[in-house]
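The values are calculated or read from the model by the stated rules, or taken from the named source; none is laboratory data. These numbers were taken from a predicted model, which means no experiment stands behind them. Here the Cβ positions follow ideal geometry from the backbone for every residue, glycine too, while neighbour counts run over all protein chains shown. What goes into the accessible areas is simple: the full protein's heavy atoms, side chains included, and nothing from ligands, DNA or RNA. Shrake-Rupley method; radii C 1.70, N 1.55, O 1.52, S 1.80 Å.
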Amino acid sequence: MPTSALSRFRADVYAWCRAARRARRDGGALVIGLNGPQGAGKTTLVRWLEARFAADGLRAVGVSIDDFYHRRGALVALAAAHPSSPYLAQRGYP
């Protein structure tokens, strides 16, 4: 994506997030889910949004589904303890 298109995309996403936050009248946290294939730029976009919110004096926190997986050693041990489970043959569920 050319830089100008990327800048416009980021600005549009930020504007949407700000509008969604303003629409939340009870003052509670706004949770936004972001989905996309591996390498699509989800983490890069979230880090950019966090920095942009911070620059505007607002708090934002990004959480990745990867943050909820066991580490490699624990996953291997779990798969070994349940060899018949097809769900543990790969990374498994978080």
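Summed over the stretch 58-81, residues that are hydrophobic (A, V, I, L, M, F, W, C), open to solvent by less than 80 Å² (accessible area, probe 1.4 Å) and assigned to a helix (DSSP H, G or I) total 8.
Of all the residues in the stretch 1-57, those that are of a type in the set (Gly, Ala, Ser), in a helix (DSSP H, G or I) and under 26 Å from Asp67 (Cα atoms) number 4.
Annotation: Tyr87 fulfils all but one of (1) touching a Phe, Trp or Tyr at 6+ places or on another chain (Cβ under 9 Å); (2) part of a helix (DSSP H, G or I); (3) surrounded by 13 or more Cβ atoms within 10 Å (Cβ to Cβ); (4) not acidic (Asp, Glu); the unmet one is (3). Restricting the stretch 10-20 to residues that are out of contact with any helix residue (DSSP H, G or I) (no Cβ under 8 Å at 6 or more places or on another chain) and modelled with pLDDT of 95 or more leaves a set whose member that is most open to solvent (accessible area, probe 1.4 Å) is Trp16. The number of residues in the stretch 25-43 that are in contact with a Cys (Cβ under 9 Å, 6 or more places away or on another chain) and either within 17 Å of Arg10 (Cβ to Cβ) or polar (S, T, N, Q) (or both) comes to 1.
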